[in-house]
Structures are given as C-alpha cells and as structure tokens.
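A quick write-up on the structure given underneath.
The values are calculated or read from the model by the stated rules, or taken from the named source; none is laboratory data. This is a predicted model, so every value here is computed, not measured. In this analysis, Cβ positions are derived from the backbone assuming ideal geometry, glycine residues included, and neighbour counts consider all displayed protein chains. Just the protein is used for accessible areas: all its heavy atoms, side chains included, with ligands, DNA and RNA removed. Shrake-Rupley method; radii C 1.70, N 1.55, O 1.52, S 1.80 Å.
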Amino acid sequence: MDTKILDIYDLKREFKMGTETVRALKGITFDVSTGEFLTIMGSSGSGKTTMLNILGCLDKPTDGIYKLDGVDITTLSKDELARFRNTKIGFVFQAYNLLPRTSALENVELPLLYNNTIGAKERRERALHALESVKLADRMDHTPNQLSGGQQQRVAIARALVNEPVMILADEATGNLDTRTSYEIMSLMQELNQKDGKTIVFVTHEPDIAAFSSRTITLRDGRLQRDTINSNPRSAREALATFPETDDY
Amino acid sequence: MNLVNLIRLAWRALHRNKLRAFLTMLGIIIGVASVITMMSIGEGSKQSIQTSISSMGSNMITIMPSSNTPGVQMAGSNIHSLTLADVKALKKDANYITTISPLASSNGQVIKGALNWSTTIQGASPEYLEIRKLSLKDGIVFSENDVRSSAKVCLLGQTVVDNLFAKGEDPIGKIIRFKKIPLQVIGILVSKGQSNFGQDQDDIIIAPYTTVMKRILATTYIQDIYASATSEAETDKATDEIKTILRETHKIRADQDDDFTIRTMAELIKMLSSTTGMMTTLLTAVAGISLVIGGIGIMNIMYVSVTERTREIGLRMSIGARGVDILMQFLIEAILISITGGVIGVVLGVSSSLIVASVLNWPTVISESSIILSFIVCAFTGVFFGYYPAQKASLLDPIEALRYE
C-alpha cells in the first residue's frame, strides 16, 4: 500500500516572457503514495496552476524530477505524454468541459476512444460502470444541458474514472458549484478514495474543501510552504447531513 | 482513434451544424455539378460532330489538284493536274483504298418545263455514292455501262426535286436539262440535310463522270478524286500510299512539291473536335474555379470551427488525444464535407445534364471519367483546404486551449 504514485524532487519551472524569466516553481519536493487524498492549496500566483499542469503531464518541468507511477515524464515525447495522460490520469476540471450536445455516456466513453486496445463493447460497458459509480446510470442518454451543474461534474468524474487511472487530478472541481453540491462532489471523492482506494490530487483554494482530504500541501511563491497530514479528515457525508433537505428553496 | 470512430465523430460534428455544413458544401456542390454538366455538354457536341461526319464517310479521302510551281497561284479548280489516268493508277496499285471515284463538277442552271434552278452537277462513278455514304430513296444508280457510254442519265438531290417538280409528281423517268443537255432522272437521293458547315447537301445532281466531262465540260481533266480508305484508322496509311503513287504517275522529282492535296475526314474531325474541346476546356475551367472557391469556403469554416472548439480540442488532448488524432478529426471532417458535397454535386450534375438534353435538345454524354475526375478533385480539395486548419488545431497547446474563452 505504500507504493509511490508521485515522486517529485526539486521541481523547477521557468517561463521566458520576453527578456524576463519568470520562475513559477522554485524547487519543490514531495511524494504521494497510493490511496492518498491530497489537496494542493495556494493563493493565485503561488505556482498552483503550473504545478497542476506538470502533474497532469500537460507541461514539463524545466529542471528536477517528476516520476508518475515510476516513469520519469521528462524523458517522454509529446505523443508518449498523450498516451500517458490517457492511461494514467483522470482529469476533472472546474468548468466540467463536457462535449456539448453529446450524451453523458458518450462523454464518459471519450478517453477510451483514444485507446485503440479497447473495443466498442468493452468501451460501453466500462462507461456504464463508471456512470454507475457516480450514480448517474439512469441519466446516460442526457446531454450536458439537460443536467445540473453537480450532475455534469459527476459525469466528468465518471469520465476521469473510466480509463482506470492511477491518479485523479481535479482542478478546482467544486469552484463552479454551490456549497451543498460541492459537498456532494467531495462526498463522492471521499467514497472513491476510501472505498475504491483511488489516489486523488485535488487543487483548490478553499480551506473548507481541503478539510475533507487526508493531506494538504500549501504552495507559496513557487515554494512548498506547508505539508500537513490531516489525521482526522472531515466526512463530507456527515457535513451534507447538516444541510436542511430543501435548502434549494 | 481508429478510422471508423473518426468518421463517426466527423459525421456527428457536421450533423450538429447542418445548415452550416450544407452552406459550406454548396460551393463544392455547384462546382462539381457545373463541371459535370459542362463536360457532358462538351462531350455530347463532340460526339454529335463525329457521328455527323461519319455519316459523310469518316474514312473518306479527297484528292484535289494544287500547284507546285512558283508564281501566280490559281484556284484548285483551274489547275489541271488530276486525270483519269491517276484514278486508274490508284485503282490498280493502292492497297489501302477500297473504292475510288473521279469527280468532275460544274455549276449551272437546270431546267424542267417552266421551272428552273441553279445547282451543281457532279460527274462521278457509281462508287461515289458509297464513298459519300449516299443512298437512293427511289430509282436506281447508273451503271458502269452508263459511264462507258456517257449516258444522259442523272440522280437528283431532294432540294433539286423540290424546285423542279410540283408536289406529288414522280421525277423518275422525266427529262431535265442541264446547260441544254437533256438528262433522264433515274434516281432520287435520300435527303442528308445540312452539313456541319451549313451547306445544303441535297442541292446536287449526280451523273456519270464521262457524261459531265464530255457533254457538259468538254474537258479531259477532273477536279477531285474521292476514295474510301479500308478503315478510318488506316486513313493515314492510305494517304501516304496515294501520295507515293501520284508522285510517281505525275513524275514529280524528290525535291519538288506535290501538285495535289489530300484531305481526309480524320483531319476534319480533329479540327472540329479541337474547337469544341477548347470550348469545353474553357467552360470546365470556369466551373473548376467555383470548386476552388468552394474549397476556400471549407477552409474558412474549418478555421472558424477550430477556433470555436478550442476548449474541446484542449479537453481531448488532456484526456489523451495525440496531435495526429486532432489533425485527423478535423481533416476527416473537411474531407467529409467535400465528398458529401461531391456526391450531391454528381447527382445534381447528372440530372441537370439530363434536363439539358431533354429540354434544350442538346446532345449530352455523361462520361464516367468526368464523374471520377470531379470526385478526385473533390477529395483533393477537402484534403488541401482542410489540412491547414486541422494542422492549426493539432498544434494547439492543451493548457492554453483548455483556458480559452
């Protein structure tokens, strides 16, 4: 259970803006084990987004080591990175990023379409299974505009699960949702983490969201400011229970 | 992503924007339809020229006198370089000629009772009818005996009949007079109508060449020699052969020019075909321009589509689409637009050439080559004009594409 999913050592990222060099990450070291629920916090300008892009294999560090599932991603080509994202990472975005006018099921199937080893039948079965695990199997034919924000985000989570990634990477996944729906999403995340043992890396700037995770890393000015283990994470399900049933009205 | 899924994906993307996809296709549709229509009209008129020429005898060879001496040049009819001896020599030695006839003709007035008409009398051998693909609708052809005896008999074209005889009167056996020489009508030619040059081919009297030469023209020279080559394909061989034989009988030295000219129908077909071919090329080029404009339309829409779907591209990349997957997605979409447009264009083009044929009575021939050609051009247009927008999409940075507003 103590295998390292993420192994990050002295990670640096610099951007050249004309003649100036912006150092977004100034040497960050940490690692994440299988089954952890990690939140990365930080105010804007802290390097949070840069960190997320590198963790998601969308960007490469200027210097340092980033190993995901034992593979040093700095050695991979563009296409290999795409393949890596396809099989190892499940993205959940703030704006859901579902394909419009496309059914929930097809949205969930999407990552598998880019994996040629999976046939049409298996693709459908796995997409259905993923939708079941976010409790939206009955909405598989609905298009995003027929779903609420929380439901859309759950479809997006199903899409992140469908390729059975080693890590779910969420980028402000509750940023567009009200508190109650946010808690619902966090409850789902906790369930995936505790029941299915999924490793989750959750980028957020809201401290009360971070309280649901088992560990919080805080970035500041491109450096790791704090790395705290939350030995007693708050249960999102219990937090939800404190909300009145008909809070919507 | 495999090809089936890519095509399904592109099809769905077009389906979502039906009107836009159709409007984009419209350029291609119009282009393809007009290319096919133009080519079918061109091909149709080419073939109608060819059939009308073959009705005149596509393997026909005409030998005319010409001058080989420097100085004042006279009209062909005044040069007396062809004689009956030439006809005899050709008949004896030429292998690529099936039939041959001398021709001596004269213009003049023909009189029947109170009616008269100005026409041409052609003196020829009985084979002349075969060479010119003429046939009789009534009566008989004069015989070799008539030729030998310079018999005063003749065959009339329909125009001459119409002008000399009252309606319902049977001309066969009647006597007409050409330049005071009485000739008995023994046959009437089947009407051939106007030639491609607007000549009335029925305004003609045919008589034995001996009759015309001795009794009307009083000459020993002939104006033309008509011959049939063994086949249309062997016309060139026949021409060479005729040249060799005539140069020999005319005793022309190697450094001297010919004193005759040989014309073949093959040349005529070539000339007329090149004229219609040029017109067809011109019209097709104009139609082709609309294909190019259609292609630019596709390019324009694909650029818009790529910009519109930047976030989608970013998402696809982040969940594992490679650059080439994105490239193929947009390229296949462009090809699908152009090929669908092409199919509609082919249907429209084929039906409009059928309409042209039935309504305007223009001869049209829809050739497979024009359909295949416009289809290839279509697919090429899709690839060519779709490639740059697709490449632009494939080169997007996923991070920026995801944040695109």
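The figures follow:
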| quantity | calculated |
| --- | --- |
| Surrounding net charge for B:ASP93, when Lys and Arg each add one and Asp and Glu each subtract one, Cβ distance under 10 Å | +1 |
| Kirkwood-based shape ratio for the protein assembly as shown, expressed as Rg/Rh from alpha carbons | 1.37 |
| Solvent exposure of the protein assembly as shown as accessible area per residue, Å², 1.4 Å probe | 47 |
| Cβ-Cβ FRET estimate between A:HIS142 and A:LYS121, R0 fixed at 30 Å, reported to 0.05 | 0.85 |
| Chain lengthening between B:LEU19 and B:VAL286 when straightened (0.36 nm per residue, less Cα-Cα) | 93.5 nm |
| Global geometry of the stretch B:154-252, whether rounded, prolate or oblate, following the gyration tensor of its Cα atoms and the 1.5 cut on a/c | oblate |
| Whole-Å distance, taken between Cα centres, linking the stretch B:338-405 and the stretch B:233-288 | 41 |
| Within the stretch B:309-352: backbone nitrogen closer than 11 Å to the B:TRP11 label point (7 Å, Cα to C-beta) | none |
| Which of A:THR117, B:THR310 is most accessible, then next, and so on - probe 1.4 Å | A:THR117, B:THR310 |
| By accessible area with a 1.4 Å probe, ligands and nucleic acids excluded, highest first: order of B:GLU368, B:GLU130 | B:GLU368, B:GLU130 |
| Inter-part distance where the stretch B:133-186 and the stretch B:1-68 are each reduced to a Cα centre, Å | 49 |
| Ratio of Rg to Rh over chain B (Cα coordinates, Kirkwood Rh, two decimals) | 1.27 |
| Largest to smallest accessible area among B:ASP202, A:ASP138 [probe 1.4 Å] | A:ASP138, B:ASP202 |
| Potential lengthening between A:LYS135 and A:ARG223 on full extension [0.36 nm per residue; Cα-Cα distance subtracted] | 27.8 nm |
| Length added when fully stretched, B:SER231-B:THR275, from 0.36 nm per residue minus Cα-Cα | 13.4 nm |
| Degrees between helix B:18-54 axis and first principal axis of chain B (Cα, 0 to 90, nearest 10) | 10 |
| Mean Cα-pair separation over length for the stretch B:67-258, i.e. relative contact order, pairs under 8 Å, 6 or more apart, % | 32 |
| Gyration tensor (alpha-carbon) shape descriptor, chain A, a/c threshold 1.5 | oblate |
| Size of charge dipole - the protein assembly as shown - debye, nearest 20, with Cβ of Lys, Arg +1 and Asp, Glu -1, no other charges | 1260 |
| Averaged over B:319-330, number of beta-carbon atoms from partner chains that fall within 10 Å | 5 |
| DSSP bridge orientation in the stretch A:4-241 - percent antiparallel, rounded to nearest 5 | 60 |
| Pairwise label distance in nanometres, B:ILE376 with B:VAL324, each label 7 Å out on the Cα-Cβ vector | 2.7 |
| With every protein chain in place, the stretch B:67-258: carbon and sulfur % of accessible area (1.4 Å) | 49 |
| Set of lysines with alpha-carbon distance to B:LYS46 below 17 Å, sequence-local pairs under 8 removed | B:LYS270 |
| Filter on B:LYS88/B:LYS179; B:LYS91/B:LYS251; A:LYS60/A:LYS121; B:LYS92/B:LYS152 - keep pairs with C-alpha separation over 26 Å | B:LYS88/B:LYS179; A:LYS60/A:LYS121; B:LYS92/B:LYS152 |
| Estimated distance in nm for a label pair at B:VAL383 and B:GLU308, the labels positioned 7 Å out from Cα along Cα-to-Cβ | 2.7 |
| In the B-A interface, the accessible area buried, summed over both sides, Å² (probe 1.4 Å) | 2200 |
| Distance between modelled label sites at B:ASP93 and A:TYR9, nm, 7 Å Cα→Cβ extension | 10.4 |
| Sites A:ASN232 and A:THR102, calculated FRET efficiency, Cβ-Cβ separation with R0 51 Å, nearest 0.05 | 0.80 |
| Net charge over other residues, Cβ less than 11 angstrom from the Cβ of A:ASP227 (K, R count +1; D, E count -1) | +1 |
| FRET efficiency, B:GLU248 to B:ASP203 (Cβ-Cβ, R0 35 Å, nearest 0.05) | 0.40 |
| Descending semi-axes in Å of the stretch B:67-258, equivalent ellipsoid built from Cα gyration tensor | 32, 18, 16 |
| Spatial separation of Cα centroids for the stretch A:65-101 and the stretch A:103-172, in angstrom | 16 |
| B:VAL286 accessible area, 1.4 Å probe, all protein chains in place, Å² to nearest 10 | 90 |
